[in-house]
Amino acid sequence: MAKNRGAIVAVALVAAAGFGLAAAKFGGGDDKVLRVANQKGQVKSMMIASGVLKDAPYTVEWSEFPAAQPLLEAVGGGAADLGLAADAPFIFAYQSGSPVKAIGIQAPAAQAGEALAILVKNGSPVRSVQDLVGKSVAATRGSIGHHLLLQALERAHIPADRVRVTFLPPGDAKAAFDSGAIDAWSTWTPYTNVAIKEGARAVVDAKDYGLPIYIDIAHAESIGPKRALLADFLQREAKAVQWARAHPDEFAQVLAKETGLPLDIARASFDRNNRMAQPIDDKIIAHEQAITQRFQRAGLTDGKRPVADAFDASFSKGG
């Protein structure tokens, strides 16, 4: 248990020392650099494991983040050209005014309950969404965990303000959950996998509410000057995802090494990375519109920016 807790805290605190850029030279001159923000355990692990970047004619500079919120701050602030995040944090950042654009879509190829859940301690009296009324629930603001909580309350016809939401980054939420300072924690893998292994249980999970889609997100001002690099990276990323789906055990080995997670947790976390690329279409835009409206109803955003303007479909049409 102590080993798992140490691993998850290491993942959560990876951004504590700043962006921590680590350049990996794959060819090309200094003027050919693509800065990619990586949420620990996602894109970088697949790209390394699959070897798809070995002949890339440009440099990739990776920056590491524990969650989508700081990753999107880096992309929106121009510190990174590209990053992968889920549907809810992307649209939350966009509606908050961030200059970001969705240029690629990856939909889940498999369902996994533990990939996204509202967790409680095994001995907790909370057994249903209704039992969360008046309780404290930790979530990262605008995250898929936060969105799952809003979905669950909405389905149960419970106003969002009937639950005391404490906004914490994953590392702090983990500490609060372990200490009993909060009653529940709405989060994602690998945090869910570790917590459940340590004895937590899910009150709500992705089996009932669905996994989020994942979005390749570019800084709006990077699209013009770095279009060729972005398009090439997306193609290589798609190949890496296909490789990971065909070699889940080999991928888990690299994921464990990259994140410091135990191998069994890394293997269980593969389901989150089991995705398939798909085009940006009206269904995707409608999906993000529904999330925007859910955040609006909770009083978290005014939702005034047109959702369709958040997408650049040209990359899925051949760049």
Where a ≥ b ≥ c are the square roots of the eigenvalues of the C-alpha gyration tensor, would you call the range 54-103 rounded, which needs a/c under 1.5, or, failing that, prolate if a/b is larger than b/c, or oblate?
prolate
The chain, Kirkwood Rh and Cα Rg, ratio Rg/Rh at 0.95
In the range 240-319, the trypsin sites (Lys or Arg not before Pro) that sit in a DSSP loop and have at most 15 other Cβ atoms within 10 Å of their own Cβ are LYS304
Eligible aspartates and glutamates near LYS40 by straight Cα distance, threshold 16 Å, same-chain separation 8 or greater
GLU61, GLU64, GLU73, ASP216, GLU237, GLU258, ASP271
Which entries of LYS44/LYS239; LYS207/LYS304; LYS197/LYS239; LYS226/LYS257; LYS101/LYS304 have Cα-Cα distances beyond 20 Å here?
LYS207/LYS304; LYS197/LYS239; LYS226/LYS257
For the range 171-319, what class follows from the C-alpha gyration tensor (a ≥ b ≥ c being the square roots of its eigenvalues): rounded when a/c is under 1.5, otherwise prolate if a/b is larger than b/c, else oblate?
oblate
Report the residue, chosen from ALA218, ALA49, ALA228, that carries the largest GNM mean-square fluctuation when the chain is represented by alpha-carbon nodes joined by springs under 10 Å.
ALA228
Mind pulling the angle between the C-alpha long axis of helix 2-12 and the longest principal axis of the chain? Nearest 10 degrees, somewhere in 0 to 90.
60 degrees
How would you rank PHE167, PHE92, going from fewest to most other Cβ atoms within 10 Å of each one's own Cβ?
PHE167, PHE92
So how tilted is helix 282-297 from the main axis of the chain? Cα-based, degrees 0 to 90, rounded to 10.
40 degrees
May I ask for the angle, rounded to the nearest 10°, between helix 170-179 and the longest principal axis of the chain, with both axes built from Cα atoms and the value confined to 0 to 90°?
20 degrees
For the chain, built as a Gaussian network whose Cα springs stay under 10 Å, the top-fluctuating residue of GLY97, GLY123, GLY260
GLY123
Can you give the % of DSSP beta bridges in the chain that are antiparallel, to the nearest 5?
60 percent
Assuming a ≥ b ≥ c are the square roots of the Cα gyration tensor eigenvalues, decide whether the range 113-209 counts as rounded (a/c under 1.5), prolate (otherwise, with a/b larger than b/c) or oblate.
rounded
How much of the DSSP beta bridge set in the range 113-209 is antiparallel, as a percent to the nearest 5?
55 percent
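FYI, it's all coordinate maths here, none of it is from the lab. Predicted, not measured: the structure shown is a model, and the values here were computed from it. For neighbour counting, all protein chains shown are included, and Cβ atoms are generated from backbone atoms with ideal geometry for every residue, glycine included.
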